[in-house]
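See below for the structure under consideration.
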Amino acid sequence: MADLALFLRGTWTVERVMLDRSSGARGSFSGTVVFEDADDGAALLQREHGTVRWGDHEGPASREYVWRPGDTPDAMDVFFPDGRFFHPVRLGGTDSEPAGWHAEHWCDPDDYRVTYAALGPDEFRYEWDVTGPAKDLLLTSRLRRALHGDPTPGWTLPLTRGHLPPGEGSALPQTPLL
């Protein structure tokens, strides 16, 4: 893909399957992801909101990231809202060879490895493989472009940095909903 920001910009639906390999527990997240221009005109804001299901818990979850232009149009760098670098993304490729990317992020004491794959002009997937002494998770997300605008009109809830509010879902793994 020639221009990653152009590809991402807009509203997407997201379905995420979450697996804790150490316990066998499974969960899911369903919601909406919006990629929109930041105030600086160069970056994209990623805002995600939806419902997480994990064990007996079901409730709202949200997160946000900032995507900044990389060294080529098919590349961007992902940052946490507080400005810390997270990981790079590059989705080059051709029509005959799907675009894909692998990156890593160390979050002491665990290692986060991500694989991105563009599945077409209106769909992509990413999978986080989280391993270490504290976590053993596989989080698979599939995003599809919303065809009829924002499926959550009037959505004005504040976004968190990817964690449930304190005290909610204590049985949930203490990790952002990647």
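Descriptive notes on the structure:
- When the convex hull of its Cα atoms is projected in every direction, mean area for the range 2-139 (nm²): 8.9 nm²
- His102 contributes about 130 Å² of solvent-accessible surface, heavy atoms of the protein only, 1.4 Å probe.
- Estimated distance in nm for a label pair at Glu58 and Ser30, the labels positioned 7 Å out from Cα along Cα-to-Cβ: 0.9 nm
- Amide N of the range 102-133 lying under 13 Å from the label point, which is placed 7 angstrom from the Cα of Arg145 along Cα→Cβ: 119-124
- Building the convex hull from the alpha-carbon atoms of the range 23-96 and averaging its projection over directions returns 7.7 nm².
- Mean sequence separation of contacting Cα pairs (under 8 Å, at least six apart), scaled by the length of the range 1-50, corresponds to a relative contact order of 31 percent.
- Karplus (6.51, -1.76, 1.60) ³J(HN,Hα), θ = phi - 60°, over the range 44-58, in Hz, Gly and Pro reported as x: 10, 9, 9, 10, 10, 8, x, 10, 9, 10, 8, x, 7, 8, 9
- Along the axis of the charge dipole computed for the range 3-77 (Cβ charges of +1 for Lys and Arg, -1 for Asp and Glu, origin at the Cα centre), the listed residues Ala25, Ser62, Thr11 are led at the positive end by Ala25.
- Dipole check for the range 1-144: with +1 at the C-beta of Lys and Arg, -1 at the C-beta of Asp and Glu, and the Cα centre as origin, the magnitude is about 380 Debye.
- Sparse packing (at most 16 other Cβ atoms within 10 Å of the Cβ) combined with a DSSP loop state is found for none of the chymotrypsin sites (Phe, Trp or Tyr not before Pro) in the range 1-43.
- Placing unit charges on the Cβ atoms only, positive for Lys and Arg and negative for Asp and Glu, gives the range 5-68 a dipole magnitude near 280 debye about its Cα centre.
- FRET E, pair Asp71, Cys107, Förster distance 22 Å, beta-carbon r, rounded to 0.05: 0.35
- Restricting the calculation to Cα atoms, every distinct pair contributes to the Kirkwood radius of the range 1-56, found to be 13.2 Å.
The values are calculated or read from the model by the stated rules, or taken from the named source; none is laboratory data. Quantities reported herein were computed from a predicted structural model and do not represent experimental measurements. Heads up, the Cβs are rebuilt from the backbone with ideal geometry, glycines too, and the neighbour counts pull from every protein chain shown. Accessible surface is based on the protein model in full, side chains and every heavy atom, while ligands, DNA and RNA are left aside. Shrake-Rupley method; radii C 1.70, N 1.55, O 1.52, S 1.80 Å.
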